[in-house]
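The values are calculated or read from the model by the stated rules, or taken from the named source; none is laboratory data. Since the structure is predicted, the reported quantities are computational estimates derived from the model, not experimental observations. So basically every Cβ, Gly included, is an ideal-geometry build from the backbone, and we count neighbours across all protein chains shown. When the accessible area is computed, the model is the full protein with side chains, heavy atoms only, and any ligands, DNA or RNA have been set aside. Shrake-Rupley method; radii C 1.70, N 1.55, O 1.52, S 1.80 Å.
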Amino acid sequence: MNKIDFLSLKKCNLPYEEEIKRVVCDVIESGWYLNGKNIATLEQKVAEVAQTQFCVACSNGLDALRLIFRAYIEMGVMQEGDEVIVPANTYIASILAVTDNRLKPIFVEPSEKTMNIDIDKIESAITPRTRAVMVVHLYGNPCWDEKLNILAKRHGVKIIEDNAQAIGAVAHCNGLHGTAVTGGLGDASGFSFYPTKNIGAFGDAGAVTTNDEKLYQTVKALVNYGTDRRYHNLYAGLNCRMDEIQAAILLVKLKHLDEISAERQKKALIYDAEIKNSLIVKPIINKNEKQVWHQYEIRVTERRDEFREFLAVNGVATDIHYAVPPHLQPCYKEFSHLDLPITEHMANTLVSLPIAESVSENDIHEIANIVNKFV
Ligand SMILES: *Cc1c(COP(=O)(O)O)cnc(C)c1O
């Protein structure tokens, strides 16, 4: 029996291994490990991907989002206790970025269809304290609608994108900014290059993109102790820099972004065509968007544990993203009373099927076949 891992980072990185070894050696030999040319080039490349004017490389995806909120606080746009509308079913890091800045997350349920925040439920969650809406392009599926832009302008709130799972995705919109690429849709966006993400570093790494020059300058200073010029600390900042080594590695992988996205799209299409099981709800394929399939999330409406066990016995490893929603985590007891039935239902029925580069197309056919045998 063929054993199929959920994800093998070693296998995912194998095609780039020789080139990565070379660029890492170059950094070692250069004697320059932070704030160097690899960071400058990476910032330029990520800004190109997001079609934004500015990018700041940083330590990880959580810090990217934390830095955006912190910068808005330093700029006087937000203050302690202000509200940020967030999807209730996101990965906890999106929420941690809000609460770490003493802002208040206002949880909004996802649409069961898209699994992203239900855009139609956002307006009724807006209060006089709302300063931002955070959209999370969960599982690599763009969360966007031009009416969100109109809504944000009308209420004077910022749109912040959590683009940790969706680098290279394209939303379906006429693009009031002239672009529809995730990471360039809102006022600011946070990226993650955590090793398992579509473009993963060999450790932690992240980035902020924006077209707002003031925000850019503030984030740029905050990542580096709040220093705006040498020996001058404008803010009581942080140290959230990315290493030159990670930037050099990411530059190698970023060249292959289109292939990586295309490979995942192809696999999603195979699953979509071949999975035929009335117990399984498949994710929506939106032909008007470019979805980049960070995860392929099915919902198993009954007997999920049995389903996962059945796949495991047949050699297929699966995962759950995410088993416990943020409002039910022990660190967020103050939110545990919230009534979020769609979020909780999703947490109880989701299953992630393998889709990474370490899984072959043949494996995908085989997995679909096994899924269809579950009765
Ligand atoms: C991974 C992830 C983050 C956090 O990124 P890190 O680099 O792990 O800190 C934030 N939001 C979402 C949706 C993520 O998937």
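Listed values, structure above:
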read-out: Selected residue (criterion: nearest to the ligand (Cβ to nearest atom)) from residues of the stretch 78-93 that are on the phi < 0 side of the Ramachandran plot and either in contact with a Lys or Arg (Cβ under 7 Å, 6 or more places away or on another chain) or in a helix (DSSP H, G or I) (or both); value: Ala93
read-out: The stretch 204-221: number of residues that are more than 20 Å from Gln295 (Cα to Cα) and within 16 Å of the ligand (Cβ to nearest atom); value: 4
read-out: Of all residues in the stretch 278-288 being assigned to a loop (DSSP other than H, G, I, E, B) and open to solvent by less than 40 Å² (accessible area, probe 1.4 Å), the one that is farthest from Ala164 (Cα to Cα); value: Leu279
read-out: Among residues of the stretch 206-219, those that are farther than 16 Å from Gln51 by Cβ and either open to solvent by less than 70 Å² (accessible area, probe 1.4 Å) or under 21 Å from the mean Cα position of the chain (by Cα) (or both), counted; value: 4
read-out: Conditions (1) within 25 Å of Leu328 (Cα to Cα); (2) within 11 Å of the ligand (Cβ to nearest atom); (3) assigned to a strand (DSSP E or B); (4) of a type outside the set (Asp, Glu); number of the one not met by Ala132; value: (2)
read-out: Matching residues in the stretch 9-43 - criterion: being of a type in the set (Phe, Trp, Tyr) and either open to solvent by 100 Å² or more (accessible area, probe 1.4 Å) or outside any helix (DSSP H, G or I) (or both); value: Trp32, Tyr33
read-out: Pairs, first small (Gly, Ala, Ser) in the stretch 268-282, second assigned to a loop (DSSP other than H, G, I, E, B) and open to solvent by less than 50 Å² (accessible area, probe 1.4 Å), C-beta under 8 Å, six or more apart; value: Ala268/Pro283; Ala268/Ile285; Ala268/Gln291; Ala268/Trp293; Ala268/Ile355
read-out: Odd one out for Lys255 among (1) closer than 19 Å to Ile367 by Cβ; (2) free of Cβ contacts under 8 Å to residues at least 60 places away in the same chain; value: (1)
read-out: Subset of the stretch 185-198 that is surrounded by fewer than 24 Cβ atoms within 10 Å (Cβ to Cβ) and of a type outside the set (Phe, Trp, Tyr) - its residue that is farthest from Ile92 (Cα to Cα); value: Asp187
read-out: Residue within the stretch 236-248 that is open to solvent by 60 Å² or more (accessible area, probe 1.4 Å) and out of contact with any strand residue (DSSP E or B) (no Cβ under 9 Å at 6 or more places or on another chain) present; value: yes
